[in-house]
Ligand code: G
Ligand code: G
Ligand code: MN
Ligand code: NA
């Protein structure tokens, strides 16, 4: 298809960009890290969402090529940040079925000179269920090298709390579906409270995603949520704007 061909060309010509969205500590509003988010603005097709081209790359077998360039670009950008903030990077489910993934990630970090302890990989519950043995081995290899694993979109999809007993995660990201209703819907507030209590007991770090206003930030801090992310703190921005943001915020 036209989209597939354009995506191939964009990967080869290095035309897919990485943007960064801040993740802050809710206790003091300090930036602690950034999530890398792929952005593709094609001259003919215009802006194409990663929600479209990431699944296409997976389906057509070039997610590895795409992800490798994105991780390299993101890690290189992170090396220019004024502080050693963490970099959070999304892994797709196809990558967790490919035994070569851990080696490829660690070799990119080595080449770029990026400390694995500064990297977090965001994965979803469905991704771990796909090919459980391979996924567990990949995750174990990465964690042994110091990479941290966070469970993205927590609370959606086929949530299995039992998965948390495997202790393969370091962090939980509460899906914005709960966060956006925290001040209007009692059920969402109770669900978030329960997630926070559970993460406290399991010694998992927590990020609330999709915080869009001050009231949500205050409420989550009051409930004891450690970290937050969302338009209230900053939208995804390109590498240069991210550097400017960091210099203005310190
Ligand atoms: O940023 P946005 O809301 O447009 O992202 C849409 C989806 O694309 C999200 O689910 C996000 O996790 C995913 N995504 C964004 N960048 C990447 C990436 O670099 N790799 C993978 N695998 N997924 C990404
Ligand atoms: O699936 P994942 O959680 O990786 O997707 C993250 C996506 O959520 C990013 O593409 C980003 O554009 C989007 N996002 C980040 N902050 C907010 C927010 O405050 N509100 C909304 N609606 N979307 C957000
Ligand atoms: Mn994510
Ligand atoms: Na998410």
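Assorted remarks:
- Residues satisfying the criterion are absent from segment 17-28 (criterion: within 22 Å of residue 228 (Cα to Cα), more than 16 Å from ligand 3 (Cβ to nearest atom) and assigned to a helix (DSSP H, G or I)).
Here is a yes/no grid of residues against (1) surrounded by 19 or more Cβ atoms within 10 Å (Cβ to Cβ); (2) within 16 Å of ligand 2 (Cβ to nearest atom):
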{"residue": "123", "(1), (2)": "yes, yes"}
{"residue": "138", "(1), (2)": "yes, no"}
{"residue": "144", "(1), (2)": "no, no"}
{"residue": "156", "(1), (2)": "no, yes"}
{"residue": "168", "(1), (2)": "no, no"}
{"residue": "171", "(1), (2)": "yes, yes"}
{"residue": "178", "(1), (2)": "yes, yes"}
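- Filter result for residue 234 (in contact with a strand residue (DSSP E or B) (Cβ under 8 Å, 6 or more places away or on another chain) and on the phi > 0 side of the Ramachandran plot): yes
- The residues listed here are 155, 130, 162; of these, the one that is closer than 26 Å to residue 197 by Cβ, modelled with pLDDT under 90 and away from ligand 4 (no atom under 16 Å from the Cβ) is 162.
Residue by residue, here is whether (1) under 22 Å from residue 228 (Cβ atoms); (2) touching a strand residue (DSSP E or B) at 6+ places or on another chain (Cβ under 7 Å); (3) crowded, with 18+ Cβ neighbours inside 10 Å holds:
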residue	(1), (2), (3)
30	yes, yes, no
33	yes, yes, yes
36	yes, yes, yes
46	no, no, no
52	no, no, no
60	no, no, no
64	no, no, no
74	yes, yes, yes
81	yes, no, yes
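- For residue 89, the conditions (1) assigned to a helix (DSSP H, G or I); (2) within 16 Å of ligand 4 (Cβ to nearest atom) all hold with the exception of (1).
- Filter pass, residue 53 being modelled with pLDDT of 95 or more, outside any helix (DSSP H, G or I) and within 24 Å of residue 235 (Cβ to Cβ): no
- Enumeration of residues in segment 9-28 that are surrounded by 13 or more Cβ atoms within 10 Å (Cβ to Cβ), more than 9 Å from ligand 1 (Cβ to nearest atom) and under 22 Å from residue 92 (Cα atoms): 10, 11, 15, 17, 20, 22, 23
- Residues that are more than 16 Å from ligand 3 (Cβ to nearest atom) and under 21 Å from residue 124 (Cα atoms) do occur in segment 220-234.
- Take the conditions (1) away from ligand 3 (no atom under 16 Å from the Cβ); (2) within 27 Å of residue 210 (Cα to Cα); residue 58 misses just one of them, which is (1).
- Residue in segment 190-200 that is buried (at least 18 other Cβ atoms within 10 Å of the Cβ) and either under 15 Å from the mean Cα position of the chain (by Cα) or away from ligand 4 (no atom under 16 Å from the Cβ) (or both) present: yes
- Residue within segment 165-182 that is closer than 24 Å to residue 32 by Cβ, in a loop (DSSP other than H, G, I, E, B), more than 16 Å from ligand 3 (Cβ to nearest atom) and more than 20 Å from the chain's Cα centre (by Cα) present: yes
- The selection criterion, being in contact with a strand residue (DSSP E or B) (Cβ under 6 Å, 6 or more places away or on another chain), in a helix (DSSP H, G or I) and closer than 30 Å to residue 191 by Cβ, holds for residue 139.
Residues are listed down the side, and each one gets a yes or a no for (1) outside any loop (DSSP other than H, G, I, E, B); (2) modelled with pLDDT of 95 or more; (3) closer than 18 Å to residue 161 by Cα; (4) in contact with a helix residue (DSSP H, G or I) (Cβ under 6 Å, 6 or more places away or on another chain):
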| site | (1), (2), (3), (4) |
| --- | --- |
| 200 | yes, yes, yes, no |
| 206 | yes, yes, yes, yes |
| 218 | yes, yes, no, no |
| 221 | yes, yes, no, no |
| 233 | no, yes, no, no |
| 241 | yes, yes, no, no |
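- Of the residues making up segment 41-56, just one is within 14 Å of ligand 2 (Cβ to nearest atom) and touching a helix residue (DSSP H, G or I) at 6+ places or on another chain (Cβ under 6 Å), namely 53.
The values are calculated or read from the model by the stated rules, or taken from the named source; none is laboratory data. Because the structure is a prediction, the values reported are computed rather than measured. No Cβ is skipped: glycine too gets one built from the backbone with ideal geometry, and neighbour counts run over all protein chains shown.
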